[in-house]
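J.: Dumping the structure here so I can ask a few things about it.
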């Protein structure tokens with residue numbers, strides 16, 4: 001027995017020596033070759049550069065939750081049946097995008113895209129969205145977006161397409177600012193017009209030169225080089241949140257249930273205070289936590305003691321934030337999310353990072369494999385993937401997956417102008433209906449009609465200043481054409497958390513580091 005213990009002890013000592021003499025952080029543990037050494041292959045590794053919390057955003061730790069409607073289905077649409085899903089950790093705007101921030105965006109577009117003023121025109125909010133044939137709302141048409149009194153109010157009248165464009169623009173401005181803060185670039189002394197403005201992807205492939213360079217990045221040999229994704233300086237793409245991300249963040253079930261118990265046993269209806277829209281104690285007892293319409297003709301309550309003190313949208317940081325620190329995830333304005341609408345999406349989509357709206361693309365390249373020159377906006381050009389490129393793929397075949405699982409029957413070959421949905425018994429036209437199909441018998445046979453549920457119908461969530469309490473529940477969902485806008489719809493942005501979610505393993509050890517401010 002003694003000799004056996006001696007052998008084990010000896011092996012332990014040998015193991016400890018091997019571990020202490022093994023490859024360090026600057027050496028590949030699988031081959032023994034050194035990193036960051038020009039005498040070897042010169043492979044560069046940047047360590048300790050973790051993702052930082054983006055400006056105006058808060059960290060949302062990922063997890064599983066029951067997505068869907070838990071309130072009585074007042075519309076009888078059954079379009080949000082509960083289902084357990086998981087979302088990755090991400091960051092989300094603390095507030096809705098404000099008028100002031102969107103005005104800055106417009107100013108930048110007008111100043112930079114001088115040769116194409118249509119870029120600025122396309123981004124302008126639809127201020128006429130306030131008009132009502134039987135109401136006097138002209139003051140909002142004229143003043144809501146531009147008057148200083150409304151600077152911190154949420155921007156409205158913005159379509160889904162406009163909100164998505166803002167998010168792409170914001171990605172480039174955040175990454176350009178990161179280069180400036182790192183000293184790699186100085187603020188541009190010269191104007192950067194049209195295609196010469198900074199774009200993250202164009203920079204990464206060498207199609208952008210800053211007019212005021214600062215210190216250079218160095219490779220392993222000390223030669224200057226560009227910043228790469230591997231350096232960790234650039235933020236991932238800023239975008240609209242998916243419907244699942246938005247709903248998860250709105251419920252904010254952090255802290256619910258028994259500590260250490262995975263069963264979330266307290267389900268919320270509203271985002272600020274669980275099962276009620278009102279404050280239940282203290283001097284503000286009976287006051288609303290959210291900006292919504294209590295009943296017909298009641299947008300704010302009595303003049304002396306208003307129930308939510310807002311007849312239209314309120315400032316973006318007004319009212320009580322939820323447990324994640326997010327303001328106005330219920331009420332104030334509804335918010336665009338990334339998803340294409342389908343009534344049965346909750347049943348169809350994946351249970352990990354669920355999302356409907358994928359249009360898979362790849363960079364458009366020249367015959368020699370080089371990336372094609374950027375467009376007039378300074379952005380790289382993408383094209384749809386083709387079926388031939390994906391013949392041996394198992395995870396996807398086609399580029400456009402917005403209508404995945406729709407059971408679409410095509411009337412004509414090639415590129416038909418008409419689609420018929422076997423599930424909804426509805427059809428819709430793409431372009432002019434051919435004369436050959438304008439026969440009553442064939443139209444009856446095809447159940448021809450029009451449908452708002454198509455590939456450009458986008459989901460919006462959250463309820464607004466002009467909605468009843470039912471729409472404040474995170475599980476409720478509505479949709480609108482992505483080209484249209486409303487005085488009741490705004491938006492906020494999100495960014496994925498790269499590198500996993502910080503937390504504890506089974507031994508209580510911190511994994512994936514800490515979230516950096």
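J.: Confirm whether residue 490 is within 30 Å of residue 52 (Cβ to Cβ), under 18 Å from the mean Cα position of the chain (by Cα), loosely packed, with under 14 Cβ neighbours inside 10 Å and at pLDDT 65 or above.
T.: no
J.: Mind checking whether some residue in region 49-56 is under 30 Å from residue 194 (Cα atoms) and in a helix (DSSP H, G or I)?
T.: Looking for residues that are under 30 Å from residue 194 (Cα atoms) and in a helix (DSSP H, G or I), one finds none in region 49-56, hence no.
J.: Here is a further query. Which residues, counting only those in region 363-402, are farther than 26 Å from residue 113 by Cβ, in a loop (DSSP other than H, G, I, E, B) and in contact with a strand residue (DSSP E or B) (Cβ under 8 Å, 6 or more places away or on another chain)?
T.: 385, 399, 401, 402
J.: To continue, here is another question. Just checking, how many residues over region 41-61 are over 20 Å from the mean Cα position of the chain (by Cα) and surrounded by 15 or more Cβ atoms within 10 Å (Cβ to Cβ)?
T.: 1
J.: Still on this model: Of 178, 163, which residue is within 21 Å of the chain's Cα centre (by Cα), in contact (Cβ under 8 Å) with a residue 12 or more places away in the chain and over 29 Å from residue 458 (Cα atoms)?
T.: The unique qualifying residue is 178.
J.: Out of curiosity, is residue 166 surrounded by 21 or more Cβ atoms within 10 Å (Cβ to Cβ), more than 28 Å from residue 341 (Cα to Cα) and at pLDDT 95 or above?
T.: no
J.: Then there is this: Determine, yes or no, whether residue 328 is out of contact with any strand residue (DSSP E or B) (no Cβ under 6 Å at 6 or more places or on another chain), surrounded by fewer than 22 Cβ atoms within 10 Å (Cβ to Cβ), assigned to a loop (DSSP other than H, G, I, E, B) and at pLDDT below 95.
T.: no
J.: Considering only region 282-300, state which residues are surrounded by fewer than 21 Cβ atoms within 10 Å (Cβ to Cβ), more than 24 Å from residue 147 (Cβ to Cβ) and modelled with pLDDT of 70 or more.
T.: Selection gives 294, 295, 296, 297, 298.
J.: Could you list, ordered by first residue, the pairs with Cβ atoms under 6 Å in which the first is in region 359-379 and farther than 30 Å from residue 111 by Cα and the second is assigned to a loop (DSSP other than H, G, I, E, B), at least 6 apart or interchain?
T.: From residues that are farther than 30 Å from residue 111 by Cα, the pairs are 359/399; 360/385; 360/399; 362/385; 366/372.
J.: Follow-up question, since we're still on this one. Out of region 196-232, which residues are within 30 Å of residue 115 (Cβ to Cβ), out of contact with any strand residue (DSSP E or B) (no Cβ under 7 Å at 6 or more places or on another chain) and surrounded by 15 or more Cβ atoms within 10 Å (Cβ to Cβ)?
T.: Scanning region 196-232 gives 196, 197, 198, 199, 200, 201, 202, 203, 204, 207, 208.
J.: Out of everything in region 141-160 that is outside any loop (DSSP other than H, G, I, E, B) and surrounded by 22 or more Cβ atoms within 10 Å (Cβ to Cβ), what residue ends up being farthest from the chain's Cα centre (by Cα)?
T.: The residue in question is 154.
J.: I want to confirm something. Restricting to region 5-36 and keeping residues that are part of a loop (DSSP other than H, G, I, E, B) and modelled with pLDDT under 85, which single residue is surrounded by the most Cβ atoms within 10 Å (Cβ to Cβ)?
T.: 23
Listed here are the residues, each with its yes/no results for (1) surrounded by fewer than 13 Cβ atoms within 10 Å (Cβ to Cβ); (2) on the phi < 0 side of the Ramachandran plot.
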{"residue": "63", "(1), (2)": "no, no"}
{"residue": "80", "(1), (2)": "no, yes"}
{"residue": "84", "(1), (2)": "yes, yes"}
{"residue": "101", "(1), (2)": "no, yes"}
{"residue": "110", "(1), (2)": "no, yes"}
{"residue": "121", "(1), (2)": "yes, yes"}
{"residue": "125", "(1), (2)": "no, yes"}
{"residue": "130", "(1), (2)": "no, yes"}
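J.: Looking at (1) modelled with pLDDT of 70 or more; (2) in contact with a helix residue (DSSP H, G or I) (Cβ under 6 Å, 6 or more places away or on another chain); (3) buried (at least 19 other Cβ atoms within 10 Å of the Cβ), find the lone condition where residue 268 falls short.
T.: (1)
J.: Right, another one. Kindly check whether there is at least one residue in region 429-452 that is in a strand (DSSP E or B) and modelled with pLDDT under 50.
T.: yes
The values are calculated or read from the model by the stated rules, or taken from the named source; none is laboratory data. Note that the structure is a prediction, hence the values are computed from the model and not measured. In this analysis, Cβ positions are derived from the backbone assuming ideal geometry, glycine residues included, and neighbour counts consider all displayed protein chains.
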